[in-house]
Amino acid sequence: MLRFYFLKAMEKEDPEHVKFMKMAIALSIKNVQKNIGGPFGAVVVRNGKVIARSANKVATTNDPTAHAEILAIRFASKKIGNFDLSDCVIYTSCEPCPMCLGAIYWSRISKIYYANTKHDAAEIGFDDKFIYDELDLPVEKRKLPVVQLLRDEAIQSFKQWQKSDLRIEY
């Protein structure tokens, strides 16, 4: 157990990891100083090289999905021409929110390094706890009403997808 902890501690302090994390943190600080968006930055690295980076741009783009991690994933996927980022890691200045965590999983990024915690973010007004709490509830008990409509029509696209020779699995 001690050996495992020691190896994890060594990995965290590896100069390469520190370098990329400092990039993500610098993006978050610059974002605040230039009033571009929230205090969040993210860097996507592939084979030891930065392939994408971004800071939060929610306020300046009026796009609630313009979180640093989401934008960095979009830029990385565009740059390599593939949605599968399984040979990449992400360095983010804060523990990812549920939306960003979902995007990281969908992109298949192999590892997340983060600096600030979700509790640190909550202390300055970025509290995602309500989302985590909502996800634990049955759909009918959530605060946001969810209504299923026209499933019989919608299922047709799923059936076509299953039969299509043109589909791209992801």
Exercise for the section: May I ask you to compute the full-extension gain from GLU134 to GLN156, defined as 0.36 nm times their residue separation minus their alpha-carbon distance, rounded to one decimal in nm? Expected result: 4.9 nm
Exercise for the section: Report, to the nearest 10°, how far helix 151-163 tilts away from the longest principal axis of the Cα atoms in the chain, using its own Cα long axis and a range of 0 to 90°. Expected result: 70 degrees
Handout entry: Helix-only mean residue ellipticity at 222 nm for the chain, each DSSP H run of n ≥ 4 adding -39500 (n - 2.57), per residue, nearest 500
Key = -15000 deg cm²/dmol
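Hey, can you find the accessible area per residue of the chain for me, probe 1.4 Å, expressed in square angstrom? Walk me through the numbers on the way to the answer.
Working: 12080 Å² over 170 residues.
For the chain, the per-residue accessible area is 71 Å².
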Exercise for the section: List every residue whose amide H lies under 5 Å from the amide H of ILE51, counting only residues 5 or more places away in sequence or on a different chain, with H placed 1.01 Å from N in the peptide plane. Expected result: VAL44, VAL45, ARG46
Fill in the blank from the handout: Given Cβ charges of +1 for Lys and Arg and -1 for Asp and Glu, the option among PHE83, VAL50, ASN116 whose Cα lies farthest towards the positive end of the dipole of the range 1-158 is VAL50
Handout entry: About the Cα centre, charge dipole magnitude for the range 53-122 (Lys/Arg +1, Asp/Glu -1 at Cβ), debye
Key = 180 debye
Practice task
At 7 Å along the Cα-to-beta-carbon direction for both LYS19 and ASN35, put a label point, then send me their distance in nm to one decimal.
Solution key: 3.6 nm
Practice task
Would you tell me the accessible area of VAL32, worked out with a 1.4 angstrom probe on the heavy atoms of the protein chains, in Å² to the nearest 10?
Solution key: 80 Å²
Practice task
On a 0 to 90° scale, report how tilted helix 68-80 is relative to the longest principal axis of the chain, with both axes built from alpha carbons and the result rounded to the nearest 10.
Solution key: 80 degrees
Completion exercise
The size of the Cβ-based charge dipole (Lys, Arg +1; Asp, Glu -1) of the chain about the Cα centre, to the nearest 20 debye, is 560 debye
Completion exercise
Relative contact order as a percentage, the chain, C-alpha pairs under 8 Å and 6+ apart, gives 15 percent
Exercise for the section: Place the peptides 38-51, 152-165 in order of packing, highest mean first, counting for every residue the other Cβ atoms within 10 Å and averaging per peptide. Expected result: 38-51, 152-165
Problem - Unit charges at the beta carbon, dipole of the range 66-170: most positive-side option, PRO98, GLN162, PRO145 - result: GLN162
Practice task
Find out how many positive minus negative residues lie around SER86, taking Lys and Arg as positive, Asp and Glu as negative, among other residues whose Cβ is under 12 Å from that of SER86.
Solution key: +1
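The values are calculated or read from the model by the stated rules, or taken from the named source; none is laboratory data. Keep in mind the model is a prediction, meaning the values are calculated, not measured. All Cβ positions, even for glycine, are placed from backbone atoms using ideal geometry, and neighbour counts span all protein chains on display. For accessibility, only protein heavy atoms count, side chains too; no ligands or nucleic acids. Shrake-Rupley method; radii C 1.70, N 1.55, O 1.52, S 1.80 Å.
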